[in-house]
1. Does ILE38 count as within 15 Å of the ligand (Cβ to nearest atom) and either exposed (fewer than 13 other Cβ atoms within 10 Å of the Cβ) or within 16 Å of the chain's Cα centre (by Cα) (or both)?
2. List pairs: first in segment 32-52 and in contact (Cβ under 8 Å) with a residue 60 or more places away in the chain and farther than 14 Å from TYR111 by Cα, second within 9 Å of the ligand (Cβ to nearest atom) and assigned to a helix (DSSP H, G or I), Cβ under 9 Å, 6+ apart or cross-chain?
3. Taking segment 162-188 as the search range and keeping residues that are in contact (Cβ under 8 Å) with a residue 24 or more places away in the chain, within 14 Å of the ligand (Cβ to nearest atom) and part of a strand (DSSP E or B), which one is nearest to THR52 (Cα to Cα)?
4. Of these, HIS104, HIS56, which one is out of contact with any Pro (no Cβ under 7 Å at 6 or more places or on another chain), surrounded by fewer than 18 Cβ atoms within 10 Å (Cβ to Cβ), without any contact (Cβ under 8 Å) to a residue 60 or more places away in the chain and of a type outside the set (Phe, Trp, Tyr)?
5. With THR48, THR94, THR31 as the choices, which residue is within 13 Å of the ligand (Cβ to nearest atom), closer than 24 Å to GLU137 by Cα and of a type in the set (S, T, N, Q)?
6. Looking only at segment 1-31, filter to residues that are among the basic types (Lys, Arg) and touching a residue at least 12 places away in the same chain (Cβ under 8 Å); which one of those is surrounded by the fewest Cβ atoms within 10 Å (Cβ to Cβ)?
7. Within segment 113-143, work out how many residues are within 11 Å of the ligand (Cβ to nearest atom) and over 19 Å from GLY93 (Cα atoms).
8. Among the residues of segment 126-161, count how many are crowded, with 19+ Cβ neighbours inside 10 Å, part of a helix (DSSP H, G or I) and either more than 13 Å from the chain's Cα centre (by Cα) or acidic (Asp, Glu) (or both).
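The values are calculated or read from the model by the stated rules, or taken from the named source; none is laboratory data. Here the structure is a predicted model, which means the values were calculated and not measured. Every residue, glycine among them, receives a Cβ derived from its backbone with ideal geometry; neighbour counts consider all protein chains shown.
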Amino acid sequence: MADEVTPLELSRIFSSHPRLHTERLTLRATTLNDAAAIFDYASDPIATEIMTFPRHQSIQDSITFIEYNAECFKKRERLAFAIALKDSNEPIGTCDFHHIAPEHRRTEIGYIMRRSFWGKGYMTETVRELIRFAFDEMGMHRVEALCNAVNERSARVMERCGMTLEGTFRDNEVRKGIYVTTKAYAIVHTSG
Ligand SMILES: CC(C)(COP(=O)(O)OP(=O)(O)OC[C@H]1O[C@@H](n2cnc3c(N)ncnc32)[C@H](O)[C@@H]1OP(=O)(O)O)[C@@H](O)C(=O)NCCC(=O)NCCS
């Protein structure tokens, strides 16, 4: 008989904000110093075109987002990271774990990057590290991500990271007055 799956204990993960490293990047807590970089992508009509959050109108919206990240961390609801270049500490985007479900050993991830840093493989490097961290350090069994069906760049990031398309939800949301189709991706830990 298979071993019983027990809920995850995430106190250690939420005791002090994790700092993760890849070849070219550091993933760390967002700080107020990141506000201008966050405003850069969050006010960009192209980067935010198919995102669910309202486009930032002023730097105050980006500051509010950073404060919200800190609040969510305290409440253990969401674990958000600034993605920074290792060499310069320049923030190039953000990513997070949300819909964290310790009882199911499951989490969802999200990510967005400043447009000037697209096309260099940074987000693939980030998502690979998020998946590694989720499996090896959080103890997750399953990592999920959703993307708008027209978001081919994001789909390619997930596919390069070994995530599998599990379903397509046709016209399942109305955004900006039109129906949008959502693709659901996931990766399951094979030995845990
Ligand atoms: C989704 C998003 C992060 C993808 O950005 P991206 O630059 O395409 O992704 P990566 O950083 O992984 O870069 C991959 C590209 O860099 C290329 N590349 C260049 N140098 C590379 C290197 N050294 N290593 C790896 N890839 C490299 C790859 O070939 C790839 O291009 P391709 O997809 O045309 O084949 C970005 O489009 C974005 O922020 N969009 C808005 C927000 C969004 O959609 N978020 C996701 C919601 S589900």
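1. In short, yes.
2. ASP40/ARG115; ASP44/ARG115; ILE46/ARG115
3. In the first step, residues of segment 162-188 are kept if they are in contact (Cβ under 8 Å) with a residue 24 or more places away in the chain; the result is 162-163, 175, 180-188.
Then keep just the ones that are within 14 Å of the ligand (Cβ to nearest atom); that gives 162-163, 175, 180-186.
Of the ones still in play, those that are also part of a strand (DSSP E or B) are 175, 180-186.
Details: ARG175: 8, VAL180: 11, THR181: 13, THR182: 12, LYS183: 14, ALA184: 15, TYR185: 17, ALA186: 20 Å.
Per the criteria, the residue is ARG175.
4. Residue meeting the stated conditions: HIS104.
5. Criteria check complete, one pass: THR94.
6. ARG24
7. Residues of segment 113-143 that are within 11 Å of the ligand (Cβ to nearest atom), as a first pass: 113-128.
Imposing the further condition that a residue be over 19 Å from GLY93 (Cα atoms) reduces the set to none.
Summing the residues that are within 11 Å of the ligand (Cβ to nearest atom) and over 19 Å from GLY93 (Cα atoms) in segment 113-143 gives 0.
8. Of the residues in segment 126-161, 3 are crowded, with 19+ Cβ neighbours inside 10 Å, part of a helix (DSSP H, G or I) and either more than 13 Å from the chain's Cα centre (by Cα) or acidic (Asp, Glu) (or both).
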